[in-house]
Amino acid sequence: MTAKIIDGKEFAARVRGQVGEHVTRLKNDHGITPGLAVVLVGEDPASQVYVRSKGKITVEVGMKSVERRMDADTSEADLLAVIEELNNDSEIHGILCQLPLPKHLNEDLIINSISPAKDVDGFHISNVGLLGTGQKSMVPCTPLGCLMMLRDHHGSLSGMDAVVIGRSNIVGKPMAQLLLNDSCTVTIAHSRTKDLPDVVRRADIVVAAVGRPEMVPGDWIKEGATVIDVGINRLDAPEKGEGKTKLVGDVHFESCAARAGAITPVPGGVGPMTIACLLANTVTACCRANGLREPEGLTA
Ligand code: GUN
């Protein structure tokens, strides 16, 4: 079987288009402009790239974008004060504090200081609990993007066997929860899982989110399964020229694509969906804050 390539770039453009329409409606009909604030502490180069790109796309869909950059040695009290200010700002509907934070800051404390209603990352303990009990919550962006692609490809996921490889709070655990809420039979696999190849071979849906380049080979994949690759790993690529690098996922693309029914590429798969879902979450938060009907198809 040769897999259908799930085009995350195209899908994300579609989601951004829908978000843009809702933003226009909110502005024209209600005089409200959704606002997203991103807080960046320190100078981590990858985080700087993400934050710049988030700000640019936020403005492109017509939202207000606020960036708060703080020094790497910012105190917890100063960071908490900035978050409190954003919590109380009625023009801001979504707040994201870029992770990882410098080591001296308590990440859990900071995340849980964001108002749950504005927690567009879905990392606040209240949102984690709401998702875990199947209630309306803010849903973490990467798993939400994966879910949208899976629903788009399959329609109903009910009764499917799903394996999530990786148990992070940001991707693995919420992904498993979302699949369970959609009535999949879910296994969460991780570094201590016994017979990982056999576990993966049983799955109709494989979500790989471990951060280990090309760790899933094609012969682990059940014929016709759907493979969602969350990994973004940079490898040296001497074959492309001296000092060149390339991005690869957590699955070995060619061999997995030869067996899968559908697969997301890296780059151009899950990656673009994450920011699109951040925008979707911001519109959702804005609608909820103003007692307006939330957009359909943009939430779990
Ligand atoms: N760092 C890497 N991914 C993410 C994300 O989804 N949200 C936040 N806040 N930080 C990140």
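Taking the conditions (1) modelled with pLDDT of 95 or more; (2) among the acidic types (Asp, Glu); (3) part of a loop (DSSP other than H, G, I, E, B) in turn, residue 296 satisfies each one other than (1).
Quick check on region 52-59. Is at least one of its residues away from the ligand (no atom under 15 Å from the Cβ) and at pLDDT 95 or above? Looking through region 52-59, at least one residue is away from the ligand (no atom under 15 Å from the Cβ) and at pLDDT 95 or above. Taken over region 243-293, the criterion of being under 17 Å from residue 221 (Cα atoms), part of a helix (DSSP H, G or I) and touching a strand residue (DSSP E or B) at 6+ places or on another chain (Cβ under 6 Å) is satisfied by 256, 257. Number of residues in region 259-293 that are more than 16 Å from the ligand (Cβ to nearest atom) and more than 23 Å from residue 33 (Cα to Cα) equals 8. With respect to (1) under 20 Å from residue 282 (Cα atoms); (2) within 16 Å of the ligand (Cβ to nearest atom), the lone exception for residue 18 is condition (2). Among residues of region 93-128 being more than 12 Å from the ligand (Cβ to nearest atom) and of a type in the set (Val, Ile, Thr), the one that is nearest to residue 299 (Cα to Cα) is 128.
Among the residues of region 52-84, those identified as in a loop (DSSP other than H, G, I, E, B), touching a residue at least 12 places away in the same chain (Cβ under 8 Å) and not acidic (Asp, Glu) are 61, 62, 63, 72, 74. Quick one: would you say residue 264 is of a type in the set (Ser, Thr, Tyr), at pLDDT 95 or above and within 16 Å of the chain's Cα centre (by Cα)? When the stated conditions are applied, residue 264 passes them.
Only residues that are part of a loop (DSSP other than H, G, I, E, B) and closer than 20 Å to residue 178 by Cβ were counted in region 216-231, giving 3. Where strands (runs of 3 or more DSSP E) sit wholly within region 136-215, those with at least 1 residues that are within 16 Å of the ligand (Cβ to nearest atom) occupy 205-208. Counting the residues of region 149-177 that are among the hydrophobic types (A, V, I, L, M, F, W, C), closer than 26 Å to residue 93 by Cβ and surrounded by fewer than 24 Cβ atoms within 10 Å (Cβ to Cβ) gives 2. Against the condition within 15 Å of the chain's Cα centre (by Cα), part of a loop (DSSP other than H, G, I, E, B), more than 14 Å from the ligand (Cβ to nearest atom) and hydroxyl-bearing (Ser, Thr, Tyr), how does residue 90 come out, does it pass? Judged against the criteria, residue 90 is not a match.
When the residues of region 33-51 are filtered to those that are assigned to a loop (DSSP other than H, G, I, E, B) and closer than 23 Å to residue 78 by Cβ, the one that is modelled with the highest pLDDT is 42. The requirement of being farther than 25 Å from residue 158 by Cα, out of contact with any helix residue (DSSP H, G or I) (no Cβ under 8 Å at 6 or more places or on another chain) and either free of Cβ contacts under 8 Å to residues at least 40 places away in the same chain or exposed (fewer than 15 other Cβ atoms within 10 Å of the Cβ) (or both) is satisfied by residue 234. If you filter region 91-136 down to residues that are closer than 30 Å to residue 31 by Cβ, in contact (Cβ under 8 Å) with a residue 24 or more places away in the chain and of a type in the set (Gly, Ala, Ser), you find that the one that is surrounded by the most Cβ atoms within 10 Å (Cβ to Cβ) is 94. Among the residues of region 1-27, which ones are assigned to a loop (DSSP other than H, G, I, E, B) and among the hydrophobic types (A, V, I, L, M, F, W, C)? Within region 1-27, 1, 3, 6 meet the criteria.
The values are calculated or read from the model by the stated rules, or taken from the named source; none is laboratory data. Only a predicted model underlies this, so the values are computations on that prediction, with no experimental measurement involved. Here Cβ is always computed from backbone atoms with ideal geometry, including for glycine, and neighbour counts include all displayed protein chains.
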